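Before any comments, here is the structure.
The values are calculated or read from the model by the stated rules, or taken from the named source; none is laboratory data. Treat the numbers as computed from the prediction; the structure is a model and nothing was measured. Glycine gets a Cβ as well: all are built from the backbone with ideal geometry, and neighbour counts include every protein chain shown. Accessible surface areas use protein heavy atoms only, side chains included; no ligands, DNA or RNA. Shrake-Rupley method; radii C 1.70, N 1.55, O 1.52, S 1.80 Å.
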Amino acid sequence: MSELKSGKYRVIAKEYEGEMIPLEIEIEDNKIIKITPQKKMTPGGLEETVFTYLPKQIIENQTLEVDAISGASHSRQGLLDAVQEAVLQAGGDINSFHNFQTSKNTVEKGNTLKPDVDMREDAYSIWRKIPENVSKEINTDFLIIGAGISGLAAAVQAGLDGMNTLVIEKNSFVAGNGGGVEGIFGINTKMQKSAGIHVQKEKIIAKEAEMGQYRVDGSFWVDLVNNSADNIDWLVKQGVQLSKVDDYHGTCMFPTFHWYKGGFASEGYVPFMKKRADELGINFLLGTSAQSVIFDENRVKGVYAQTAEGIIKINVKATLLATGGVGHNPELIEKQGWPTKNLHYCSMPSNTGDGYQIAMSLRAKDMLRESPEFMMNYIQALPHEGVHLYIDPINGFMSLPSGGPVVWINQNGKRFVNENVKKYNLLYQRMAIGATKVTYQIFTQKIYDEITKNVSNAKAVLAEAVETNEGKSLYKSATIEELAQKIDVPKKNLVATIKKYNKFAHNGRDEEFAKEAEMIIPIEEGPFYIARLDPSNLIGIGGVGSNQKFEVIDDDFERINGLYISGMDSAMQYRNVYTITLGGSACAHNVNSGRHASINAKSYIETL
């Protein structure tokens, strides 16, 4: 290997979405001896893991051949590129440096898993590491990882059952991604009966099975629906406040959506459940994230966790994963099959799939490719700041980019779906788009004005968006031919598509996709607009296989002893699309799985 010139080298590690982390890399006696990020990182976060763990491997083995960290491929590659740049600046030979020595994986000793023949353990080996330094050791019976909707439900139930329980949460506050949840599903609750609402449970279960293409084990739906009224009554008893029950803006098939006070769980659920957990003596460690799992004698015995003061070891009898899903992890979203280019996140940055990755490190049943994301459309040029984009009156999941009286075309300038498919399920708006290279939405000023008629400054917003045109995603033109030129699709195809669509509109019959006659509005009177539809993600739903006791299972449907899962880490009742026509069912699952995972964990602990 070429001689490296000693010194301190300043380089930049480029991360996802263009974020940059300055690094100082010190080289001495022909070796890299120190890699120091010049940025403060969130304790316990995935970013900190990358820039703490991997530099140790690089320094120890003097190589760029380091472990993969699932969910952090962008950060990992950014680090490696930066180190490579420093080596080049020091006069080194990158090829020699790459091949100098290969790092070795070290997994928890004493485990009874099979030899390393499964890619899952290799890909997620970081979650089985034994930390070099442990500052403290804690003992508890029940550990809950995550303090969102399901974690808080589990904590309160554990407190009611008198379990010695600890909750760790990587954020400095409770709620997680659940604070923005608007309501919860329930059938035949006291609130519904008071309002004169009655629905036959079996009709709901049958409809869910149909919408899921009969690909799920329907007994999960039976349990959820049958427990829903009792769960809501239980929540109210704990202090949770609900305001009304309806069909969620007309999008639900049945009036089963129970709204939280103030329209969000952050007002009606979280503060009351945290208060109740405190009253019951549940211990919380905030700003604390799980780093690796302890698996010994064929069962989960605890985790190592990162705190502001250092790594702690938590010895347990049962562990519940309630980390909120994979909704802010681009690598895992891509693994599901979704493109992540121009992806807007409505989820908490903390939802990086920690629970999923811990479970996969133990070879849990991988359901990620079959699990749905709460994926919607947005237009990059229109305002889209913040996590509440999904309820924006112009750019939200029920407004302009969601479809309706507009035309959607693919990269070839042709229609490919009923643009009002959201009528059947709001989340259908993104499903067919996944089959295209790119999708554009065409509309007129008149159509836009009608869709945004209740928004006072809608015209000004559109005009500014066209002017600034963020991401080159929105164009205005006087003719359809000019629109085709703006986005470089075949002009002949686009003109023919719009001509045919206008014929359908005048005849009141969509001869291609049977869109409702009232939604077929002619695209004849300009000005015309064309916008690229990009993905906007609210939450991830599911990913880890479990049984009806909410025990994590392996590929043979056998439980992994001592490991439970709830909330958005599980959700076995969905496949590929969230059936939002039963509004609030995900939140109902969060509460149900949290409560019953806790109840079942208590029974398991009593057998030890």
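Can you give me the number of residues within the stretch 478-499 that are hydroxyl-bearing (Ser, Thr, Tyr) and touching a residue at least 60 places away in the same chain (Cβ under 8 Å)?
Result for the stretch 478-499: 1.
What number of residues within the stretch 425-456 are under 15 Å from Met376 (Cβ atoms) and open to solvent by 30 Å² or more (accessible area, probe 1.4 Å)?
Total meeting the criteria: 4.
Any residue in the stretch 507-518 that's closer than 13 Å to Pro405 by Cα: show its pairings with residues that are outside any loop (DSSP other than H, G, I, E, B) and open to solvent by 70 Å² or more (accessible area, probe 1.4 Å) at Cβ separation under 8 Å, as long as the two are six or more apart or on different chains.
Qualifying pairs under 8 Å: Glu516/Lys423.
Taking the stretch 525-579 only, how many residues are in a loop (DSSP other than H, G, I, E, B), open to solvent by 10 Å² or more (accessible area, probe 1.4 Å), over 17 Å from Asp217 (Cα atoms) and modelled with pLDDT of 95 or more?
Adding up the residues that qualify gives 1.
Take the residues in the stretch 1-25 that are at pLDDT below 85, open to solvent by 70 Å² or more (accessible area, probe 1.4 Å) and outside any loop (DSSP other than H, G, I, E, B), then tell me which one is farthest from Ala82 (Cα to Cα).
Glu17
In the stretch 392-408, is there at least one residue being of a type in the set (Asp, Glu) and open to solvent by less than 10 Å² (accessible area, probe 1.4 Å)?
Checking the stretch 392-408: not a single residue is of a type in the set (Asp, Glu) and open to solvent by less than 10 Å² (accessible area, probe 1.4 Å).
Counting only residues that are of a type outside the set (Asp, Glu), buried (at least 17 other Cβ atoms within 10 Å of the Cβ) and touching a residue at least 40 places away in the same chain (Cβ under 8 Å), how many does the stretch 189-215 have?
Result for the stretch 189-215: 7.
Which members of the stretch 293-312 meet the condition of being in contact with a Pro (Cβ under 8 Å, 6 or more places away or on another chain) and surrounded by fewer than 24 Cβ atoms within 10 Å (Cβ to Cβ)?
Of everything in the stretch 293-312, those that are in contact with a Pro (Cβ under 8 Å, 6 or more places away or on another chain) and surrounded by fewer than 24 Cβ atoms within 10 Å (Cβ to Cβ) turn out to be Tyr304, Thr307, Ala308, Ile311.
Taking the stretch 333-354 only, how many residues are under 16 Å from Val544 (Cα atoms), buried (at least 23 other Cβ atoms within 10 Å of the Cβ) and of a type outside the set (Asp, Glu)?
So the count comes out to 4.
Hey, Glu267 hits all of (1) in contact (Cβ under 8 Å) with a residue 60 or more places away in the chain; (2) surrounded by 15 or more Cβ atoms within 10 Å (Cβ to Cβ) but one; which does it fall short on?
(1)
Being under 12 Å from the mean Cα position of the chain (by Cα) and either of a type in the set (D, E, K, R) or open to solvent by 10 Å² or more (accessible area, probe 1.4 Å) (or both), is that true of even one residue in the stretch 372-387?
Scanning the stretch 372-387 turns up at least one residue that is under 12 Å from the mean Cα position of the chain (by Cα) and either of a type in the set (D, E, K, R) or open to solvent by 10 Å² or more (accessible area, probe 1.4 Å) (or both).
Cβ contacts < 8 Å: first residue polar (S, T, N, Q), restricted to the stretch 223-241; second residue open to solvent by 20 Å² or more (accessible area, probe 1.4 Å), any location; separation 6+ or different chain. Result?
That search, which allows pairs on different chains as well, returns Asn226/Lys201; Asn227/His596; Asn231/Arg595; Gln238/Phe272; Gln238/Arg276; Gln241/Lys261; Gln241/Glu267; Gln241/Phe272.
Among the residues of the stretch 580-608, which ones are touching a helix residue (DSSP H, G or I) at 6+ places or on another chain (Cβ under 8 Å) and not in a helix (DSSP H, G or I)?
Thr581, Leu582
Please specify each residue of the stretch 464-488 satisfying the condition of being out of contact with any helix residue (DSSP H, G or I) (no Cβ under 6 Å at 6 or more places or on another chain) and more than 29 Å from Glu385 (Cβ to Cβ).
If the condition is that a residue be out of contact with any helix residue (DSSP H, G or I) (no Cβ under 6 Å at 6 or more places or on another chain) and more than 29 Å from Glu385 (Cβ to Cβ), then Ala478, Thr479, Glu482, Gln485 are the ones that fit.
What tally of residues in the stretch 410-424 results from selecting those that are surrounded by fewer than 24 Cβ atoms within 10 Å (Cβ to Cβ) and either among the charged types (D, E, K, R) or part of a helix (DSSP H, G or I) (or both)?
Residues flagged as surrounded by fewer than 24 Cβ atoms within 10 Å (Cβ to Cβ) and either among the charged types (D, E, K, R) or part of a helix (DSSP H, G or I) (or both) within the stretch 410-424 amount to 5.
Keeping to the stretch 271-286, report how many residues are open to solvent by 10 Å² or more (accessible area, probe 1.4 Å) and touching a Phe, Trp or Tyr at 6+ places or on another chain (Cβ under 9 Å).
Matching residues across the stretch 271-286 total 3.
If you check Ala175, Ala158, which single one turns out to be touching a residue at least 24 places away in the same chain (Cβ under 8 Å) and at positive phi?
On inspection, the qualifying residue turns out to be Ala175.
Can you find a residue that is closer than 17 Å to Pro401 by Cα, small (Gly, Ala, Ser) and in a helix (DSSP H, G or I) anywhere in the stretch 462-470?
yes
Pick from Val225, Val240, Val236, Val245: which is surrounded by 15 or more Cβ atoms within 10 Å (Cβ to Cβ), of a type in the set (A, V, I, L, M) and touching a His at 6+ places or on another chain (Cβ under 6 Å)?
Residue meeting the stated conditions: Val245.
So that you can scan it fast, the table gives a plain yes or no per residue for (1) under 24 Å from Asp569 (Cβ atoms); (2) modelled with pLDDT of 90 or more; (3) touching a helix residue (DSSP H, G or I) at 6+ places or on another chain (Cβ under 8 Å); (4) of a type in the set (Lys, Arg):
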| site | (1), (2), (3), (4) |
| --- | --- |
| Phe173 | yes, yes, no, no |
| Glu182 | yes, yes, yes, no |
| Gly186 | yes, yes, yes, no |
| Ala195 | no, no, no, no |
| Gln200 | no, no, no, no |
| Gly212 | yes, no, no, no |
| Gly218 | yes, yes, yes, no |
| Trp221 | yes, yes, yes, no |
| Ser228 | yes, yes, yes, no |
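Scan the stretch 377-398 and report the pairs whose first residue is of a type in the set (D, E, K, R) and whose second residue is assigned to a loop (DSSP other than H, G, I, E, B), with Cβ atoms within less than 8 Å and a gap of 6+ or a chain change.
Asp392/Pro383; Asp392/His384; Asp392/Ser399
Of everything in the stretch 177-222, what is among the polar types (S, T, N, Q) and within 22 Å of the chain's Cα centre (by Cα)? Give them in sequence order.
Listed by number, the list holds a single entry, Asn177.
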